[in-house]
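Everything on this sheet refers to the single structure shown next.
The values are calculated or read from the model by the stated rules, or taken from the named source; none is laboratory data. For clarity, every value in this text was computed on a predicted model and none was experimentally measured. Here Cβ is always computed from backbone atoms with ideal geometry, including for glycine, and neighbour counts include all displayed protein chains.
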Amino acid sequence: MTDRKGERTDFRQLLPVYGAGFVTAFGAHAVAADLGGYTLGHHQGLFALGLILGIYDVAEILLKPLFGMVVDRCGAKGVMVGGLAAFGLASATFAASGDPHLLGAARFAQGAAAAAFSPAASVAVATFGGTTRTGRFFGGYGGAKGIGYLLGPIVGGALVVAGSYRLLFAVLGVVGLLAAIAVACMMPDVRSARGPRAGVGALVRHLTQPAFVQPTLLLAGGTAALAAGVGFLPVLGLRQHLSPLATGSLVSLLAATAAVVQPWAGRRLDQARLHAATGAAALVACAGGFALLLVLPTPAGMAVAAVTIGAGVAVVTPLGFARLAAGAPPGRIGQTMGAGEVGRELGDAGGPVLVGTFSTVTLRTGFFALAMALVTCAAVAVPKGSAHRVEGTPAPDH
């Protein structure tokens, strides 16, 4: 089997993993984008809307480290299959019942399922990538998630208009179950090499080391920029008297840029053409995108800012994941990826909260506060004495 043929084989094995990334992004955004109309239509207030939106992320934050440890003990494949199947079943159960009072429970169950298959997928990508293709594979995985972020609100809205909210959940049920079947049939078992048992003290020491903190800050900053851009670019657009179509196009431009650039950034990383400090520079670029909105809040300025933020997120994501995997202790890559993704989820929630809090003064103040936070994260995340490439990712063991 030649190296080129081996790459094709690995790519076929990776397809269901990319599918899992698409499912989590598509499912989360398809529901969230149309949740407001559903809850308000059932006479539930904005407080209830906020709770139902947030409970998905709460489940992920609480459970990702736990499932990361399960991956280290049981392997990635079984956890992925179980998580995807649970996502499909949770979605199908709500579609069958249609009871609006069960929506919160359905969202929590979806988030818990995503907390299982998301770190498992990251471990599989890192393991398949080995020491030479980690960036490329994480770039492709991030690109698949980016497509999910892009298509979720569009397809979700179309399904709600064509049928109902129950139809949307029914489709998510089918998608989740199909993805579980694909992983079960196409992906080999992925198990990291067993490492020495570590106590709580060793875990705390690892989670406070630069090898964990720095890439986690990169991922948290990138998702904070993405979430704030998706949430507040439309607000700025509406204040500039743009139509909903125009503001939606700005969000799509940001998401599409992130999806398209990530595979390119991953390949450049594997070719040793990206320094490990490039992630910090990419966060500074995201901050520059928000700073541009302060001085040029015009349609053209918003379009340039959307591309800049999307490109920065695209570079940060594969590089952050690759560094996180490379710094994982033996036998604890699942635990490391799960804990790192908690930081990412905190950034996903923290970015919009930060902008929203400071926007009580002005929206410009909110963008400025986020730009400063991103620059601070970038300064802390700069590696000291780093090599020109990220090495040390676990080699495949399957």
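For the reader, a short list of remarks on this structure follows.
- When THR131 is tested against (1) in a helix (DSSP H, G or I); (2) modelled with pLDDT under 85, just one condition goes unmet, and that condition is (1).
- Extreme residue, modelled with the lowest pLDDT, among residues of region 201-230 that are in contact with a helix residue (DSSP H, G or I) (Cβ under 8 Å, 6 or more places away or on another chain) and over 20 Å from VAL375 (Cα atoms): LEU203
- Subset tally (residues that are surrounded by fewer than 24 Cβ atoms within 10 Å (Cβ to Cβ) and within 17 Å of the chain's Cα centre (by Cα)) for region 77-118: 1
- Qualifying residue in region 151-160 (condition: at pLDDT 80 or above and in contact with a Pro (Cβ under 9 Å, 6 or more places away or on another chain)): no
- Residue list for region 259-275, filter: modelled with pLDDT of 80 or more and among the polar types (S, T, N, Q): GLN262
- Check on ASP72, at pLDDT below 85 and closer than 21 Å to ILE147 by Cβ: no
- Where a residue in region 94-121 is hydroxyl-bearing (Ser, Thr, Tyr) and its partner, wherever it lies, is assigned to a helix (DSSP H, G or I), with Cβ under 7 Å and at least six apart: SER118/THR24; SER118/LYS64; SER118/GLU341
- Count - residues of region 297-337 that are under 14 Å from PRO263 (Cα atoms) and either surrounded by fewer than 24 Cβ atoms within 10 Å (Cβ to Cβ) or touching a strand residue (DSSP E or B) at 6+ places or on another chain (Cβ under 7 Å) (or both): 1
- Failed item in (1) among the aliphatic types (A, V, I, L, M); (2) out of contact with any helix residue (DSSP H, G or I) (no Cβ under 8 Å at 6 or more places or on another chain); (3) within 23 Å of ASP348 (Cβ to Cβ), with LEU245 passing the rest: (3)
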